[in-house]
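Below: one structure, written as structure tokens.
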């Protein structure tokens, strides 16, 4: 339950109190802009950490952590080509998807414990809708190419997306039953409030289910090989097949941002909502940026361990993976409904 | 706003939260048995599930000051997490081995439904169990009501496991894990049960294991397979 202050205002709606003694405060819109900039700038780095750790665990040296930045810089300098017969949708989709990925960090607690202006406009579902819109745009562009490979990827992404969607809904139901709202800020405040909130089964089950969905959404191992050669089992990775140059760079950057956004939701809302700035001062905000990058890198190491310890599921076995996640999410709601688990 | 907040579910204490987590772990182990394709893993999962129940018994013993339960936890761990798995593995040694490798057995393709469908059916049945127990309104002094709902769900899911998997090993493990569900229920509603009764139940289990082991051996000797599909022809 969201604890309330004396005025009857829930804790997560508390406005920061600014006194003059400590480090200077940033204007709140600047902090909000910083949320977007942090996600955009750190996202390729997190992908770099994951592929580096994964390579080290396989006994390879692996690419530099900064390699994704160099890849993006190279792609932005290259020429863009569109397949013959493709329409404006093909070129507009990467831009539209990027806009979506830049919007979501405005709505979720990336750096602050308090809601930023318009931060309450979208709840967890709102953020999810914007992410789905981005994925829809990329799928449309893939269909527009007429390339069978990209179309296959888009069609598979939508098919399995329809299976993981109920899991996300049940996770949101769990959040709603715990906090009475589905604002991400409210759940983060609830998790911080007591140890009993962390070890209740509903919370653990919902977090585990969300983690499984994130593995699917970011194209990680039980579902899909993220890096490496092209193969028939590809889902998400097959979609930008026909894009090139700056458009391909935007899609790659966008999928790295989507990964960091999902990591942020898991970390700052469910698993570890600590280290966030309670005031818009420079010190805590800088600390929050460092904490987010550190936590995301740690989660990246976990993902790399999973990448190295499991085999890729056959395409038709992905439903088993989704059924497992669905089981966790449904049990979460059931234990909450009956007896307050 | 107050109306919405009234609908929220308050956090349980750290103790009952932890107890619920262990109980849910028992249920998840039961669901894990749907997917296991190897005889060895099936037995291992059963051992893990039994250990979780012993852990829960220790938690209850420590927090509710019921020293009998320490003995029960130790006995049930020794029997269900060590002896029964060892006996089962002894009895099944070399049975169902594929290509001479005893680790691989032919219980992999024994699903009557696909794994995903079986899990969905089991979720529905578990939900039924949850809601029925909630409707009964049984309250226990030692453990939260959620643990009771979970234990009934474990029993029902064990039935589903025995129905949807058509191999003798899964059916035996399903029966044994059903007993685990009953132990969990007993722990919730009757933690103060006399120790002698609990021990009698535990040793009954050993008999069941030997009987099941023999049945599996006889069935395999006659049918050259773990599958129970061959038994369908016995229908009159």
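Annotations for the structure displayed:
- Separation in nanometres of the label points that stand 7 Å from Cα toward Cβ, at residue B:62 and residue A:225: 4.6 nm
- Ordered by the number of other Cβ atoms lying within 10 Å of each residue's own Cβ, fewest first, B:226, B:162 fall into the sequence B:162, B:226.
- Förster radius 35 Å - calculated FRET efficiency between residue A:28 and residue A:58 (Cβ-Cβ, nearest 0.05): 0.20
- Residues B:51, B:140, ranked from the fewest to the most other C-beta atoms within 10 Å, line up as B:140, B:51.
- Top of A:315, A:251, A:210 by mean-square fluctuation, Gaussian network on chain A, Cα under 10 Å: A:315
- For chain B, the ratio of Cα radius of gyration to the globular rule of thumb 2.2 N^0.38 Å stands at 1.09.
- Relative contact order of the stretch A:25-337, taken over Cα pairs closer than 8 Å and 6 or more residues apart, is 31 percent.
- With Cα atoms, 0 to 90° folded angle of helix A:148-179 axis to chain A main axis: 10 degrees
- For the peptides A:275-281, A:108-114, the ranking by mean Cβ contacts within 10 Å, running from highest to lowest, is A:108-114, A:275-281.
- Modelled spin-label separation between residue B:210 and residue B:196, with each label point placed 7 Å from Cα along the Cα-to-Cβ direction: 2.3 nm.
- Cα pair count fraction exceeding 31 Å, expressed as % - the protein assembly as shown: 56 percent
- Each Cα pair under 8 Å and six or more residues apart adds its sequence gap; the mean of these over the residue count of chain B is a relative contact order of 24 percent.
- Shielding by partners, peptide A:273-280 (average Cβ within 10 angstrom, other chains): 0
- Alpha-carbon spread of chain A, three principal axes, descending order, Å: 64, 48, 43
- Counting Cβ atoms of other protein chains within 10 Å of each Cβ in B:20-30 and taking the mean gives 4.
- Ordered by the count of other Cβ atoms within 10 Å of each Cβ, fewest first, A:138, B:121, B:207 give B:207, B:121, A:138.
- Averaged over peptide A:313-320, the number of partner chain Cβ atoms lying within 10 Å of each residue's Cβ comes to 3.
- Each Cα pair of the stretch A:249-289 feeds into the Kirkwood radius, which the Stokes-Einstein equation turns, at 25 °C and 0.890 mPa s, into a diffusion coefficient of 213 µm²/s.
- Over 21 Å [Cα-Cα, the stretch A:51-126], rounded percent: 60 percent
- Fluctuation leader among B:23, B:200, B:122 - chain B, Gaussian network, Cα springs under 10 angstrom: B:200
- With the alpha-carbon atoms of the stretch A:68-187 aligned to their principal axes, the span from lowest to highest coordinate is 52, 32, 24 Å, starting with the largest.
- Secondary-structure-derived ellipticity at 222 nm for chain B, considering helices only, amounts to -23500 deg cm²/dmol, per-run term -39500 (n - 2.57) for DSSP H runs with n ≥ 4.
- Spatial separation of Cα centroids for the stretch B:209-229 and the stretch A:260-291, in angstrom: 57 Å
Computed from the coordinates by the stated procedures, all read-outs in this text should not be read as laboratory data. Treat the numbers as computed from the prediction; the structure is a model and nothing was measured. Positions of Cβ are backbone-derived with ideal geometry, glycine not excepted, and every protein chain shown enters the neighbour counts.
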